[in-house]
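Below: the structure, in structure tokens.
The values are calculated or read from the model by the stated rules, or taken from the named source; none is laboratory data. Computed from a prediction, not measured in an experiment: that's the story for all the values here. Don't worry about glycine lacking a Cβ; one is built from the backbone with ideal geometry, like all the others, and counts go over all protein chains shown. Heads up: the accessible areas ignore ligands, DNA and RNA and are worked out on the full protein's heavy atoms, side chains in. Shrake-Rupley method; radii C 1.70, N 1.55, O 1.52, S 1.80 Å.
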Amino acid sequence: MKHSQLVAIIKRLEAMTEATDNEIQVRRFEKEGVEKCIVNYDKSTETFELTESDSQQSYQFDNIDIVAMEIYDLIQ
């Protein structure tokens with residue numbers, strides 16, 4: 001059985017929330033070497049900001065599941 005991409009995305013997002021420093025955490029998500037989006041996590045506000053690489057449009061989320069689904073849609 002193939003491993004779930006959604007679980008891998010959530011693990012990366014959880015690692016961002018568990019960082020012990022107060023710096024903004026940044027992760028890039030790619031498909032076949034092409035960047036699809038950048039996600040920032042601000043611990044002070046507990047929000048994720050997703051920026052689509054193609055359109056440079058940004059979205060804010062306060063729910064890890066919703067941002068994970070958005071990332072999944074972009075890399076599919």
So who's got an amide H within less than 5 Å of the one on Thr47, skipping anything under 5 residues away but keeping other chains? H placed 1.01 Å off N, in plane. Asp42
Cross-link partners of Lys2 among lysines (Cα-Cα below 27 Å; sequence separation of 8 or more within a chain): Lys11, Lys31, Lys36
Taking H as built 1.01 Å from N, whose amide H comes closer than 5 Å to the amide H of Gln25, not counting residues under 5 places away? Tyr41, Lys43
Starting from the Cα of Met69, move 7 Å in the Cα-to-Cβ direction to define the label point; list residues of segment 8-31 whose amide nitrogen is under 19 Å from there. 8-14
Please sort 17-26, 45-54 by packing, taking for each peptide the average over its residues of neighbouring beta carbons within 10 angstrom, highest first. 45-54, 17-26
Heavy-atom accessible area per residue - segment 3-73, 1.4 Å, Å²: 67 Å²
When the accessible area of the chain is computed with all protein chains present and a 1.4 Å probe, what percentage of it is carbon and sulfur? 46 percent
The extension gain from Gln76 to His3, computed as 0.36 nm times the residue separation minus the Cα-Cα distance, is 24.8 nm
Run the reach check for Lys43 against aspartates and glutamates, Cα to Cα strictly under 15 Å, same-chain hits fewer than 8 apart removed. What comes back? Glu14, Glu18, Asp21, Glu23, Asp62
Dipole magnitude (debye, nearest 20) for the chain, charges at Cβ of Lys, Arg, Asp, Glu: 340 debye
Restricting to DSSP H runs of at least four residues, report the calculated mean residue ellipticity at 222 nm for the chain, -39500 (n - 2.57) per run over all residues, nearest 500 deg cm²/dmol. -10500 deg cm²/dmol
